[in-house]
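Novice: Below: one structure in structure tokens.
The values are calculated or read from the model by the stated rules, or taken from the named source; none is laboratory data. Keep in mind it's a predicted model, so treat the numbers as computed, not measured. All Cβ positions, even for glycine, are placed from backbone atoms using ideal geometry, and neighbour counts span all protein chains on display.
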Amino acid sequence: MTKDSETDHDHTDHTTDRTDRVATAEATVPPSSERTTDLRPGADNCYKCTACDTSCPVAEVDDEFPGPKFQGPEQWRLKRSEDTDIDESITSCSNCMRCDSACPSGVPLSQMHNTARGEYVEGMSKLSREYVRNRILANYGRLARIGSRVPRLTNFVMSNRVTKWFNERLLGIASEREFPAFATQTFGEWYEERGGPQIESEDRRIAYFHGDYSNFNTPEVAKALVRVFEAFGYEVVVPEQRCSGTPMFANGMLEDARRAAEFNVDTLSALVEEGYDVVCSCTSCSMALRQEYPELFDFEGTEQVAAHTYEALEYLRLHEDLDGALSESEVDGEHPELAYHAPCHARNQGLHRQALELFRELDGVAIEDVGDSCSGISGTYGWKSEKYDYSMEIAEEMFEHMEDADGTTGLTECPTCAMQMEHGTGYEIDHPLEVIEKAVV
């Protein structure tokens, strides 16, 4: 179905940008047999305008962090002239990836940061507290599989003050954080119990990449995606999958990320070959599959998966008249006023306006943008005791905007942004798919 020309133009622009990124990655990433972490040639594209530094939320609050320009092109220039070691400050990068969007020269900043962080972590002591803590945070899905088997017991233990004290003293995990509760039934269990796909279609077929958090902690988001897409006539399959790798990239655990990515690409590429598109409900997952995978890995099928990966709302706006469907629908009083935060990884994909555009046309819903600042938590960054205060300082602007907004229900596509929003305001936080479900299902 057709939409207004301006909306079509916006979607074409960011879809073209994504295709360009994939093409650039294919041209710049060598085969695995030849690959090194050497990105010195890409540093030549930087002309030191400092746009990346001024966009960096960590550099704004942490005086000891030199910023993305140093972590990226300057560090690789140093390696060219002196073959110096990676600076320890690379571990303070939160991987928000705002620098990618800010750079006018297309310098592969986040790719530089990810590879530099991986190189630095390779040299860390595997018995150090920082390494053990970061490895645990990076591999949340592995622990979640265990904890979700006895969710009530796990929730009781992890919310206990003694456990929080122990985690902070032993591992350096911020005791101020509330560990996310496990659902009593995972999304995967629910999907299997209902008998898998409820619709069969030859031309409307998606493979849902739900990620760990929607599976173990917020299955209501994943259920909403399934129901919404089925309402539009889609066959929804849920393939076996591993973590997208986002927390692994952020913590320099590139070998862990490689194993997860290889599994995901192998599974998803087979479905792409069968005519399925890959759809994510988390903007960090879609970012990993379509930008970070082709930048860092060259498994067979990586580029095909990247080119066929979409965020959920983006997909429905591109392939269906979601805007029209919502303009003809209404929501009861459960979602009267919403305070919306656009995740950094949504901004980097050109998706930061879509929830605002959609819900302003939906009867029964009022939505307000709470500004363009970072939420500060950046996945695992805000869970580290030495970064907690910085994460809260970064989030101050967002908290202030939320408190000034009329709505007392938050809205965002990112699960860790949702954690931070709830942590700082006490508001209930919803996902856009849950609002759409109430409108169209």
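Novice: Please find, among 378, 281, the residue that is assigned by TED's automatic domain parsing to the domain that holds residue 202 and either over 17 Å from residue 246 (Cβ atoms) or in contact (Cβ under 8 Å) with a residue 60 or more places away in the chain (or both). Before you say what the answer is, go through the steps one by one.
Specialist: Numbers: 378 fails: assigned by TED's automatic domain parsing to the domain that holds residue 202.
The conditions single out 281.
Novice: Within segment 58-146, which helices (runs of 4 or more DSSP H) (wholly inside it) include 3 or more residues that are out of contact with any helix residue (DSSP H, G or I) (no Cβ under 8 Å at 6 or more places or on another chain)?
Specialist: Working: elements: 75-82, 98-102, 109-122, 129-138.
By residue number, 75-82.
Novice: Got a sec? Which of 109, 137, 143 is touching a Gly at 6+ places or on another chain (Cβ under 9 Å) and not assigned by TED's automatic domain parsing to the domain that holds residue 49? Show your work before the answer.
Specialist: Working: 109 fails: not assigned by TED's automatic domain parsing to the domain that holds residue 49; 143 fails: touching a Gly at 6+ places or on another chain (Cβ under 9 Å).
It is 137.
Novice: Working carefully through the options 410, 376, find the one that is assigned to a strand (DSSP E or B) and either under 29 Å from residue 172 (Cα atoms) or within 20 Å of the chain's Cα centre (by Cα) (or both).
Specialist: Working: 376 fails: assigned to a strand (DSSP E or B).
Testing whether each residue is assigned to a strand (DSSP E or B) and either under 29 Å from residue 172 (Cα atoms) or within 20 Å of the chain's Cα centre (by Cα) (or both) leaves just 410.
Novice: Next up: So for segment 351-367 (the condition being of a type outside the set (A, V, I, L, M), surrounded by 24 or more Cβ atoms within 10 Å (Cβ to Cβ) and under 24 Å from residue 89 (Cβ atoms)), does at least one residue qualify? Can you show your working first?
Specialist: Step one: filter segment 351-367 for residues of a type outside the set (A, V, I, L, M), giving 352-354, 357, 359-361, 363-364.
Adding the requirement that they be surrounded by 24 or more Cβ atoms within 10 Å (Cβ to Cβ) leaves 354.
If we keep only those that are under 24 Å from residue 89 (Cβ atoms) too, we end up with none.
The answer is no, given that none of the residues of segment 351-367 is of a type outside the set (A, V, I, L, M), surrounded by 24 or more Cβ atoms within 10 Å (Cβ to Cβ) and under 24 Å from residue 89 (Cβ atoms).
Novice: Looking at segment 160-170, is at least one residue touching a residue at least 60 places away in the same chain (Cβ under 8 Å) and out of contact with any helix residue (DSSP H, G or I) (no Cβ under 9 Å at 6 or more places or on another chain)? Break it down stepwise before answering.
Specialist: In the first step, residues of segment 160-170 are kept if they are touching a residue at least 60 places away in the same chain (Cβ under 8 Å); the result is 168.
Subset that is out of contact with any helix residue (DSSP H, G or I) (no Cβ under 9 Å at 6 or more places or on another chain): 168.
Yes.
Novice: Okay, next question. Assuming residue 276 fulfils every condition listed in (1) surrounded by fewer than 24 Cβ atoms within 10 Å (Cβ to Cβ); (2) under 21 Å from residue 348 (Cα atoms) apart from one, which condition is it?
Specialist: If we test residue 276 against (1) surrounded by fewer than 24 Cβ atoms within 10 Å (Cβ to Cβ); (2) under 21 Å from residue 348 (Cα atoms), just (2) comes out false.
Novice: OK, next. Which condition number in (1) in a helix (DSSP H, G or I); (2) among the acidic types (Asp, Glu); (3) more than 27 Å from residue 358 (Cβ to Cβ) is the one that residue 292 fails?
Specialist: (3)
Novice: Within segment 383-400, does at least one residue satisfy the condition of being assigned to a loop (DSSP other than H, G, I, E, B), β-branched (Val, Ile, Thr) and either buried (at least 19 other Cβ atoms within 10 Å of the Cβ) or in contact (Cβ under 8 Å) with a residue 40 or more places away in the chain (or both)?
Specialist: Just the residues of segment 383-400 that are assigned to a loop (DSSP other than H, G, I, E, B), to begin with: 385-387.
Then drop every residue that is not β-branched (Val, Ile, Thr), which leaves none.
Within segment 383-400, not a single residue is assigned to a loop (DSSP other than H, G, I, E, B), β-branched (Val, Ile, Thr) and either buried (at least 19 other Cβ atoms within 10 Å of the Cβ) or in contact (Cβ under 8 Å) with a residue 40 or more places away in the chain (or both).
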